Structure formats: C-alpha cells, structure tokens
Amino acid sequence: MAEEQGRKWDRCLADSAVKLATGLGVGIVFSVLFFKRRTWPVVFGLGVGLGMGYSNCQQDFRSPYLLHGHMVKEQ
Amino acid sequence: MGGGVGGTILYANWDPKFRANVEKSIPYSDQVFGLALGPAAPPPVINKPVSQTTGVLEHILRSHSLSFVSLNLTKFVVKHKLAHLTKEPPKCTECEHEPAVKERPEGEVAARLAEQDKAEQDLLTSLSSNLEDALGSTAKVTLQAIGAQEAALQAIAQHTRQLREAMEAEAPPDKKSTQWRVLEDALSERSRSVDEAGAAVLKAKAELDKLRGVIDGAKHLKIAAARPSILAAEENLHSMVVDLDSVVTRVQTAQSEAKIVSQYSELVNEAKAQFQKELNSITPEIQANWKGLTGKLTQDDLNSLIAHAHRRIDQLNRELAEQRVREQIHIDSALEQQKLEDKKALEVAISTALEHNREQMRLEQEKKVEETREVMEAEMRTQLRRQAAAHTDHLRDVLKVQEQELRSEAEEILNSSLMEKETEYRRLTQDQLDSFTLDMNAAYARLKGMEEAIDSHVIAEEEARKAHQLWLSVEALNYTLKTAALNDPTEPLEGAVQAIKESCAEDEFAQALATALPSESLSRGVYSEASLRARFYTIRQLARRVALIDETRNSLYQYFLSYLQAMLLFEKAQEAPPAKLSAEDLDTFKLLSYAAYSLEHGDLELAAKLVNQLKGESRRVAQDWLKEARLTLETKQVVSLLSAYANAVGLGTTMAP
C-alpha cells in the first residue's frame with residue numbers, strides 16, 4: 001500500500017507529461033494548421049494537456065474516495 | 001345292615017311266629033336268635049287249635065262254610081301278625097325324633113322311650129295275650145259248638161235219610177226191624193247230638209260274651225297299637241257269631257226238614273197202619289206183610305182185596321175231592337200260618353241279619369278308621385321322617401359351614417405362620433447375601449479402583465506423551481517463527497502446524513488454535529517484528545506526507561499542501577502514548593510518533609492499534625503494514641497460546657493426578 005502512492009505519482013506524472021506533450025503537440029498542430037502559428041493554441045493545448053493530466057492525476061488520487069452511487073428507480 | 005339284623009332280632013323277640021318263620025327260612029338263624037334272645041318261647045295257645053282245627057275240619061268236613069271259618073281264623077292270625085309288624089317301626093322313629101325335639105341326653109330319652117315302650121309293650125303283650133287267650137278259647141268253644149252243630153246236622157240228615165229210606169224201602173221184616181232199630185239209634189243219636197249242639201252253642205255264646213267283654217276292656221285301655229288286634233279280634237268274634245248263627249239256622253232248617261220228613265213218615269206210617277188195619281179187618285188171616293204173599297192168595301181174598309182196594313180208592317177219591325174243596329181253605333190257613341211263621345222267621349232273620357250287618361258295618365267302620373289311622377300314622381311318620389331328614393340336612397350344612405370356617409381359619413393360621421417363617425428365612429438369606437454382596441462389592445470396588453488407577457496412569461502417561469509431543473511441535477512452530485529474515489517473511493508455517501495438528505489430533509483446543517492461524521501465515525509465512533519495525537518508518541514517512549488527504553480533501557492541491565505540512569511539521573520521533581487517547585491525540589503525527597515509540601519498545605500490538613486510528617489517506621497508506629502487523633500479531637498470539645497450552649498440558653500431566 002505504501003508503494004501505491006509512489007506508483008500513483010509515477011503514473012500521474014507520466015500521464016501528465018504525456019498529456020502535456022500531447023497537448024503541446026495538438027496545440028502546435030492546431031496552431032500551425034489552423035491558427036497561423038500563433039502561440040495561443042499551443043498554450044491552449046498545453047493547458048488542455050496539463051489540465052487533463054492534472055485532472056487525471058487528481059482522479060487517480062481520488063479514486064479510492066469516490067463513491068459510486070446507484071440510482072434506484074421507484075418501481 | 002346292622003339295623004336290619006337288629007330289627008329282625010327285636011321283632012323276633014316280640015313275635016315268636018315271625019321268629020319261627022325266620023328260623024325256618026334262614027339257616028343258623030335259630031342259633032343267632034338263641035344267642036341273642038334265648039330259646040324260642042313255645043308258640044301261643046291260639047296257634048295250636050287254629051292249626052289243629054284247620055286240619056281236623058278240613059279232614060272231616062269239606063263244606064264251603066268251614067273253609068270260610070278257617071279263612072276267617074287265618075285272617076285273624078294274619079291280622080295279628082300284621083298288628084305285630086306295624087307295632088315295630090313307630091318305636092324306632094320315636095326314638096329318632098325324641099332327641100331332635102328336646103335337648104335331653106340321648107341315653108335318658110332312649111331310656112324313657114324304652115320304658116314307655118316297654119310299659120306299652122307289656123300292656124300290649126298282656127292285652128294281646130288276653131285277647132289271644134280269650135279268642136283262642138272262644139274260637140275253640142265256637143268251633144266245638146260248630147262241630148257239634150255240624151255233627152247234629154249230620155245226625156239229623158242221616159236220621160232223615162234213614163227215615164226216608166225206611167219209609168220208601170220195603171225190606172223183609174227182619175231187615176225192617178234192624179232198619180227200625182238203626183232208625184231208633186239214629187234218632188237217639190240225633191237227639192243227643194242236637195242236645196250236645198245246643199249245649200255247645202250255649203257255651204260258645206257264653207265264651208263270645210266273655211270275649212266281647214275282654215275286647216271292650218281292651219278298647220277301654222286305648223292303646224293305639226293294640227287297635228288292629230282288637231279290630232281283628234272283634235272281626236273274628238263277629239265272624240264266629242255269624243258262623244255260629246248260620247250253623248244254628250242250618251241245624252234248625254235241617255231239623256224242620258227232619259220234622260217234615262218225620263211228619264211225612266208218621267203220616268205214611270199212619271196210613272200204612274190204617275191200611276193194614278183195614279186190610280186186617282177185611283182179611284184178618286192175612287199176615288201183616290202181605291207183599292210176599294201174592295202167590296198164596298185165593299180168589300176171594302183177591303176179590304175182597306180188589307173190592308177193598310176199590311173202596312179205598314173211592315174213599316181216597318172222596319177224600320181227594322173233599323181235600324180239593326178244602327184245598328183253598330187249607331192253603332189259605334196254611335198260607336196264613338206260613339205267613340205268620342215266615343214273618344216270625346223273617347223278623348228273627350232280619351233282626352239277626354241286621355245285627356250282623358250292624359256288627360259288620362261297625363267292624364268295617366272300625367277297620368276303615370283303623371286303616372285311615374294307619375295311613376295317617378304312616379303319613380305322620382313320613383312327615384316326621386322328612387323333618388328328621390331336613391334337620392339332619394340342616395345339621396349337615398351347619399357342620400359343613402363350620403368345618404369350612406374352621407378349616408379356613410386353620411389354613412389362615414398355617415399360612416401366616418408359614419409366611420412368617422418364610423420371611424424370616426428370606427431375611428436371613430438376604431442378610432447373608434447382602435453381607436456377601438457387600439464384601440464382593442468392596443473387593444470389586446477396590447479392584448475397579450486399582451484398574452482405574454492403572455488406567456489413569458496409562459492415560460496420564462499417554463497424556464504426558466501427547467503433551468510432550470504437542471510441546472515439541474509448538475516449539476518447532478516457535479522456531480519457525482524465528483526464521484524470519486529481515487524483510488522476508490518466515491517460512492510458511494504450514495508444516496509445523498500440520499505437525500501440531502497431527503500430534504494433538506484429539507485435543508480440540510489445540511486443533512482450534514491450530515486452525516485459528518491465519519491462512520496467509522500458513523501459506524506465505526509472517527513477517528517478523530523487526531521487519532515490520534523497519535517497514536514502519538517508510539510507512540510513517542508516507543503517512544506524514546498524506547496526512548491531510550481524506551475523503552473530502554483529496555485534490556492535488558491538497559496533496560501539495562499535505563506535502564508542505566509534512567515538510568514543515570516536526571513532531572517527536574517517538575512519544576510515549578498515553579494510557580487513554582484523547583481527541584487531540586488522534587492527530588496523524590502524534591499517532592505515528594506514539595506508534596514509533598511503542599514499536600521501539602517492542603509493543604507491536606499497541607503500535608498496530610495506534611496505526612489503526614489513522615484516518616484518510618494515511619490510513620490507506622498504512623493499510624498494508626497494518627495487515628501484516630495484524631497477521632504477525634495473530635500468529636504470535638496463537639503460537640503463544642499454543643505454547644502456553646502445551647506448557648500447561650505438560651505441567652498438568654507431569655503433576656500427579
């Protein structure tokens with residue numbers, strides 16, 4: 001259990017990095033392709049990537065505490 | 001049978017005729033009688049004349065009347081015997097009844113009865129003897145009279161016959177004279193016999209009167225038993241009187257007949273004499289007996305004779321005519337005379353017949369009375385006998401009941417005494433048995449005790465062995481626990497546990513304990529305390545880092561914050577945990593320091609407990625370690641229990657039971 005934190009961190013970081021890179025890439029792509037090499041899609045993409053990574057990381061860290069509720073329909 | 005013989009002897013004693021009969025019929029009975037009663041008394045007077053007269057009369061006269069007389073006399077004898085016979089039984093029944101009616105001693109009663117009977121019997125015997133004597137004498141005299149009468153009758157008849165013969169027969173003169181002489185003799189005989197008969201009749205009548213007097217005297221005595229004899233005597237008297245009278249009448253008729261015959265003979269003689277006289281007057285020279293002279297008669301004589309005869313015939317015819325004329329008168333007078341005579345005779349006959357009848361009736365009545373009395377007596381006797389029988393039956397029943405009662409009583413007593421003796425015997429035997437049983441039981445108990453002791457020893461030995469084995473296996477387990485290398489778990493405890501399980505197959509506690517071991521320990525083994533301690537520090541570090549993270553706070557920012565906290569917060573590395581945890585002690589850092597302290601002091605349990613108090617992410621992080629700690633603790637606990645148990649068992653077995 002103790003190693004889980006480490007593993008999580010690893011994952012998170014990796015994922016974030018990937019996301020970041022991907023975001024960057026996509027931003028670059030978009031910026032290159034559609035937005036005439038402006039920097040805001042790159043940043044946007046970075047941000048998206050970071051955000052996604054952060055969110056994933058958070059989700060990963062939160063996952064044990066998440067409660068899954070089931071809606072019981074009145075039959 | 002004895003009663004029959006005794007009765008026979010008694011009766012023979014009383015009735016000699018019966019005795020004679022019995023002596024005649026049964027041989028040697030005369031000796032018995034002679035032994036018991038003395039020699040036989042000479043038979044009474046009555047019997048001899050009876051037998052004599054019967055013999056004589058039958059011999060002399062075979063007329064119906066005499067057999068009738070003898071019949072009467074035998075009847076008398078029979079009645080006499082009957083009287084004797086009927087006298088016997090009442091006495092005996094009286095003897096029987098007396099004791100039942102009054103409660104006198106039987107001897108006295110019997111004596112009294114015997115006295116009474118004897119007196120009665122004496123009286124009776126005297127009476128009967130009197131009667132017998134009187135009857136005997138009377139009968140004798142009567143018979144004599146009757147005999148005389150019969151003789152007279154016979155004489156008369158003979159005389160008459162002879163007279164008639166003399167009348168009719170015409171014998172030669174000498175024969176005639178003899179005839180006349182014979183006739184005279186007969187006549188004298190007849191007169192004599194008639195006189196004799198008259199005297200005898202008188203004597204007989206006197207005797208009859210005497211007998212009557214005796215009978216009356218006997219009647220006055222009023223002895224019931226004598227009545228039949230009295231009756232018989234009376235009857236005989238009556239019959240004798242009747243016979244006498246009949247004989248007398250017969251003699252009288254014979255006499256009258258003889259008179260007639262003599263009258264006739266006289267008449268004939270007269271006629272003959274007259275004729276003779278006439279003849280003599282006519283023919284004087286002819287002798288009296290003219291019958292033999294028929295050859296010698298001359299013609300004149302014959303003529304005169306014939307004339308005389310004719311004259312006689314005329315005379316006779318005239319007389320006849322006269323007679324015919326006077327016939328009626330004569331007849332009437334004769335009838336009258338005859339009537340008178342007849343009347344007289346009738347009266348006499350009637351009176352005698354009436355008297356006879358009356359006597360007969362009286363006798364019959366008396367006889368009937370006697371019969372009824374006898375019947376009544378017999379009935380009374382039967383009733384008395386019945387009563388006696390009923391009494392005897394009742395006595396018998398009472399006796400039977402008494403017998404039953406007494407028997408049942410005796411039986412009860414017998415049974416009770418028997419039961420007592422039996423119970424006594426049973427008790428004694430039971431006591432013996434009990435004592436024996438007690439001894440046996442004691443011996444048996446001791447034997448059992450010894451056996452049990454031996455068994456228990458055996459068991460104890462067994463137990464000791466088992467305990468030893470258990471202890472050994474537990475020691476093995478303990479040893480395996482010690483094989484934990486750092487950071488590596490021990491060897492799996494399965495083998496040792498198996499050994500334990502085998503060694504203590506019957507021990508439930510040990511089995512339970514053996515099974516209580518967590519499966520991970522069996523399969524994978526457990527971590528040692530040291531390793532756990534070591535691991536704790538890393539865990540501590542980690543837990544410190546995520547101290548702020550819990551369900552609500554678990555974003556990455558919080559993570560950052562908690563990291564910051566961990567970096568900045570400093571707590572004591574080891575802090576002694578208090579006895580009681582308060583609310584503020586539930587802080588992660590504090591807890592961790594407490595746990596570190598307790599770990600350092602070897603109290604894994606406390607450390608585990610404290611770590612268990614962590615919350616949130618720290619808890620999650622420490623979960624692994626907690627689990628391991630728990631396992632180790634469990635195993636250790638079980639093992640310690642087992643060892644303690646083994647020790648205890650070993651101690652227990654080594655100790656004396």
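None of the figures in this text is laboratory data; all of them are computed from the coordinates on show. Note that this is a predicted model, so its numbers are computed, not measured. Here the Cβ is made from the backbone with ideal geometry for all residues, glycine too, and neighbour counts use every protein chain on show.
In plain terms, the residue of A:Phe61, B:Phe436 with the fewest other Cβ atoms within 10 Å comes first and the most crowded comes last, giving B:Phe436, A:Phe61.
Pulled fully out, how much extra length does the chain show between B:Glu108 and B:Arg524, if you take 0.36 nm times their separation in residues and subtract their Cα-Cα distance?
Gain on extension, B:Glu108 to B:Arg524, equals 136.2 nm.
Simple spin-label estimate for B:Asn612 and A:Phe34 gives 5.8 nm between the two label positions (7 Å along the Cα-to-Cβ direction from each Cα). Length gained on full extension, A:Thr22 to A:Glu4, computed as 0.36 nm times the residue gap minus the Cα-Cα distance: 3.9 nm. Counting neighbouring beta carbons within 10 Å and listing from fewest to most, the residues A:His68, B:His308, B:His220, B:His601 come out as A:His68, B:His220, B:His601, B:His308. Between B:Glu371 and B:Glu506, the contour length at 0.36 nm per residue exceeds the alpha carbon distance by 36.3 nm. Treating r as the C-beta distance of B:Gln338 and B:Lys210 and R0 as 41 Å, the FRET efficiency rounds to 0.60.
Based on the Cβ-Cβ distance of B:Ser126 and B:Lys421, what FRET efficiency does E = 1/(1 + (r/R0)^6) give at R0 = 56 Å, to the nearest 0.05?
Computed FRET efficiency for B:Ser126 and B:Lys421 comes out at 0.15.
Stokes-Einstein diffusion for segment B:295-412 at 37 °C, viscosity 0.692 mPa s, with a Kirkwood radius from C-alpha pairs, works out to 135 µm²/s. Once both labels are positioned 7 Å from their Cα atoms along Cα-to-Cβ, the gap between B:Tyr28 and B:Val348 label points is 6.5 nm. Would you please state which residues of segment B:604-646 a label at B:Glu475 would reach in this model, taking the label point 7 Å out along Cα→Cβ and a backbone N cut-off of under 18 Å? B:639-646, by backbone N distance to the label point.
Rounded, prolate or oblate for chain A? Axes are the square roots of the Cα gyration tensor eigenvalues, ordered a ≥ b ≥ c, and the cut-off for rounded is a/c under 1.5. Because a/c hits 1.5 or more and a/b fails to exceed b/c, chain A counts as oblate.
The relative contact order of chain A comes to 35 percent, based on Cα pairs under 8 Å that sit 6 or more residues apart. Take the Cβ atoms of B:Ser456 and B:Ala583, set R0 to 41 Å, and the FRET efficiency comes out at 0.10.
Placing a pseudo-label 7 Å from each Cα along the Cα-to-Cβ vector at B:Gln432 and B:Gln323 gives an inter-label distance of 14.3 nm.
With N as its number of residues, segment B:572-650 has a Cα radius of gyration that, divided by 2.2 N^0.38 Å, comes to 1.28. Compactness of segment B:337-464, taken as the C-alpha radius of gyration over 2.2 N^0.38 Å, stands at 3.75. Counted by neighbouring Cβ atoms within 10 Å, the residues B:Asp15, B:Asp243 run from fewest to most as B:Asp15, B:Asp243. In terms of packing, defined here as the mean over residues of other Cβ atoms within 10 angstrom, the peptides B:329-335, B:591-597 line up highest first as B:591-597, B:329-335.
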